[in-house]
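Take a look at the structure below.
All of the numbers you see were taken from the coordinates with simple rules; none came from a lab. Since this is a predicted model, take the numbers as computed values, not measurements. We place every Cβ from the backbone using ideal geometry, glycine too, and count neighbours over all the protein chains shown.
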Amino acid sequence: MALIHCHFFSESLGISTSMTVILPQQTSGQIGMSGWSGGGKHPALYLLHGFSDDDTIWTRRTSIERYVAELGLAVVMPNVHKSFYADMAYGDRYWTFLSEELPAVARSFFPLSDKREDNFVAGLSMGGYGAFKWALRHPDRFAAAASLSGALDLAEHMAQAADTSMNRVFKLIFGDREIRGTEDDLLWLLEQSGKTEGLMPALFQSCGTEDFLYEDNVAFREKLASVGYPSAYVYEEHPGAHTWEYWDEHIQRALRFFMEQRDG
């Protein structure tokens, strides 16, 4: 595998930013692991970080490079700071950066496939929210998406944060607007899923039962069941908290889910 720390200028943000990228490599002589590449343009996983992290965190806290080596899967990990993957009311246009500029820039630098069946998105915590928002708002772009310990009922999460330091962060991102019933509300997006023409991405959701976002995940699962989501869906919960031990273990399950969708 090739591990690339890529620094580039973002037109959407108006600043230089970074992404960490893993590219497949065909190897047989590497001690302890082997790599595979199908040649041509690589299938790609866009892997999103959480609230307190950056684009390097998945490679620092997990063995994601080792997990994807035999899958021939490229991994693109962008840096979005504390944006909740949104165009901020008082800040930068991180949703535009993520959903429009990043794939185009990454594909201009690296041989990444633009086919729906070759593209996946996943994330943890804030990144789990971002992954499902991207997949549900642009279902034509992804075969599948995964959320690990995601902040999935964000409107309720914001309401509970009204008297905490997080309230200031949410004000910077969303201003004074109510996100419930908008494209920043995953539960509302689920309601719209049955009205969307074409296929919806398969969804994988996992959360620890001791995680502080567990209730967010239960709310998402219940809403998805009530609307009759028109595509494959897997929900898992296991003992665990909001920790890298949990995410390192369950990103492996998410990768298997992605490959199952790709292989049909």
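Quick notes on this one:
- Segment 34-65: number of residues that are assigned to a loop (DSSP other than H, G, I, E, B) and either in contact with a Cys (Cβ under 7 Å, 6 or more places away or on another chain) or among the basic types (Lys, Arg) (or both): 1
- Listed conditions (1) touching a residue at least 12 places away in the same chain (Cβ under 8 Å); (2) over 16 Å from the mean Cα position of the chain (by Cα) are all met by Ala104, apart from (1).
- Selection from segment 144-156 of residues that are farther than 16 Å from Cys207 by Cα, touching a residue at least 40 places away in the same chain (Cβ under 8 Å) and out of contact with any strand residue (DSSP E or B) (no Cβ under 6 Å at 6 or more places or on another chain): Glu156
- Considering segment 225-257, and only residues there that are assigned to a helix (DSSP H, G or I) and under 13 Å from Ser147 (Cβ atoms), the residue that is farthest from the chain's Cα centre (by Cα) turns out to be Tyr246.
- Some residue of segment 66-78 being part of a helix (DSSP H, G or I), touching a Gly at 6+ places or on another chain (Cβ under 8 Å) and of a type in the set (A, V, I, L, M): yes
- Ala69 touching a helix residue (DSSP H, G or I) at 6+ places or on another chain (Cβ under 6 Å), buried (at least 21 other Cβ atoms within 10 Å of the Cβ) and either within 23 Å of Leu199 (Cβ to Cβ) or touching a residue at least 60 places away in the same chain (Cβ under 8 Å) (or both): no
- Among the residues making up segment 84-127, a single one is outside any strand (DSSP E or B), touching a strand residue (DSSP E or B) at 6+ places or on another chain (Cβ under 7 Å), among the acidic types (Asp, Glu) and over 12 Å from Arg141 (Cβ atoms): Glu101.
- Residue match in segment 187-210 (condition: within 18 Å of the chain's Cα centre (by Cα), free of Cβ contacts under 8 Å to residues at least 40 places away in the same chain, under 20 Å from Met126 (Cβ atoms) and surrounded by 13 or more Cβ atoms within 10 Å (Cβ to Cβ)): yes
- For segment 1-28, the set of residues classified as surrounded by fewer than 17 Cβ atoms within 10 Å (Cβ to Cβ) and under 30 Å from Glu260 (Cβ atoms) consists of Ala2, Leu3, Ile4, Gln25, Gln26, Thr27, Ser28, listed by residue number.
- Arg141 vs. criteria among the charged types (D, E, K, R), in a loop (DSSP other than H, G, I, E, B), surrounded by 15 or more Cβ atoms within 10 Å (Cβ to Cβ) and on the phi < 0 side of the Ramachandran plot: yes
- Some residue of segment 111-123 being buried (at least 24 other Cβ atoms within 10 Å of the Cβ), farther than 22 Å from Ile22 by Cα, within 12 Å of the chain's Cα centre (by Cα) and of a type in the set (Phe, Trp, Tyr): no
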